[in-house]
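Working notes for the structure below.
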Amino acid sequence: MVKQLVCGDKVLDLSSAVVMGVLNVTPDSFSDGGRFVTVDAALHHAESMISEGALIIDIGAESTRPQAQQVTEQQELDRLLPVLEAIKKQFDVIVSVDTSSPTVIMESAKLGAGLINDVRALQREGALAAAAQSNLPICLMHMQGQPQTMQLQPAYESVVDEVHNFLLTRIEACLQNGIAKERLLIDVGFGFGKTLAHNLQLLAQLSSFKTLDCPILVGMSRKSMLGAILGGAPVEQRLFAGLSAATIAALNGAKIIRTHDVRATKEALAVVNALLDLGENNNVA
Ligand code: YH5
């Protein structure tokens with residue numbers, strides 16, 4: 001199993017689970033009210049997440065919430081690149097760029113991005129080629145449908161099999177386009193065209209995705225699945241459920257936890273990592 005990821009000028013050790021902090025640079029982001037739109041505010045938020053233990057900062061300018069407006073490539077570039085440049089200048093951290101756009105992939109790579117996080121798994125025209133050229137690690141995520149409509153009627157015969165097959169197909173597409181297996185990460189895409197039951201099946205069987213032989217990234221922080229489990233909790237009351245979900249994911253093999261709540265998640269992972277460090281002779285995972 002791969003334990004290290006070369007992220008541009010940095011190496012990420014994945015022998016235990018690590019935290020990726022979410023930094024939205026969308027003016028219409030739901031979970032942080034769009035407060036992190038200026039470079040200065042983004043820098044402060046990044047600094048606080050780094051001080052809390054985030055090894056990766058994931059910056060995204062396209063809100064994938066169902067109600068969100070679609071952004072143009074130019075808007076994405078205008079929002080992301082100044083923030084990426086400023087974070088790279090000030091901090092020693094891996095910056096992940098949440099994008100599906102080939103141009104954004106190429107421009108981000110030039111400015112020192114360490115990872116490309118694509119919720120569309122490089123299915124946009126030109127994205128495979130851009131990703132190949134970037135030489136960066138790529139996170140391939142599963143989504144059923146499109147952000148605007150994905151939650152209307154998610155349907156699967158077997159969600160685990162279908163997500164598994166999709167990720168395998170995208171891994172193969174990457175390999176055929178000159179992206180080495182060592183550069184790939186996978187993500188089942190919690191909440192992206194999935195009901196609560198689908199999300200729970202994926203979480204319960206997360207360890208079955210280890211056979212794809214790529215580090216597993218997950219993001220459940222603050223998502224509706226947690227609100228639903230809690231009987232309709234609003235977004236600001238989903239922290240403890242999120243920690244539980246992160247803990248379960250890490251125990252089942254997730255290596256990168258994408259979260260808004262860095263310190264709390266890092267502490268939850270410290271327990272899982274300590275347990276998993278005991279090794280295979282102790283009846284743990
Ligand atoms: C992910 O899972 N998610 S953006 C709705 C919410 C809260 C949060 C309030 N990008 C993922 O974070 N990238 C997003 O309800 C992602 N995996 C990867 N790799 C959605 C998000 C969110 C949505």
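Enclosing the Cα atoms of the chain in their convex hull gives a volume equal to 120 cubic angstrom per residue. Pop out the carbon and sulfur fraction of the accessible area of the chain as a percent, whole number, probe 1.4 Å. Of the solvent-accessible surface of the chain, carbon and sulfur hold 50 percent.
Label positions at GLN4 and GLU267, each projected 7 Å from the Cα along the C-beta direction, are separated by 3.2 nm. Net charge dipole, segment 179-285: roughly 280 debye, given to the nearest 20, about the Cα centre with Cβ charges of +1 for Lys and Arg and -1 for Asp and Glu. Restricting to the chain, compute how many DSSP beta bridges are antiparallel as a %, nearest 5. The antiparallel proportion sits near 10 percent. Of the DSSP H helices in the chain, those with a Cα length along their own long axis of 20 Å or more and a mean Kyte-Doolittle hydropathy reaching 0.0 comprise 159-176, 262-277. LYS223 sits with roughly 50 Å² accessible to a 1.4 Å probe, with DNA, RNA and ligands left out of the calculation. 3J(HN,Hα) couplings calculated from phi for segment 52-57 with the Karplus curve 6.51 cos²θ - 1.76 cosθ + 1.60 (θ = phi - 60°) are, in sequence order, 7, x, 6, 8, 9, 10 Hz; Gly and Pro show x. Counting only protein heavy atoms and a 1.4 Å probe, the chain has 44 square angstrom of accessible area per residue. Simple point charges give the picture: +1 on the Cβ of Lys and Arg, -1 on the Cβ of Asp and Glu, and for segment 150-208 a dipole about the Cα centre of about 160 debye. Since only HIS260, LEU202, ALA54 are under comparison, the one whose Cα sits farthest along the positive direction of the charge dipole of the chain, derived from C-beta charges on Lys, Arg, Asp and Glu, is LEU202.
Qualifying GluC sites (Glu not before Pro) in segment 119-220, where qualification requires a DSSP coil assignment and no more than 13 other C-beta atoms within 10 Å, comprise GLU125, GLU157. The Cβ shell under 11 Å around LEU111 holds other residues with a net charge of +1, Lys and Arg each +1, Asp and Glu each -1.
The values are calculated or read from the model by the stated rules, or taken from the named source; none is laboratory data. No experiment lies behind these values; they were computed from the predicted model shown. Cβ: placed from backbone, ideal geometry, glycine included. Neighbour counts: every protein chain shown. Side chains included, ligands, DNA and RNA excluded: accessible areas come from the protein's heavy atoms. Shrake-Rupley method; radii C 1.70, N 1.55, O 1.52, S 1.80 Å.
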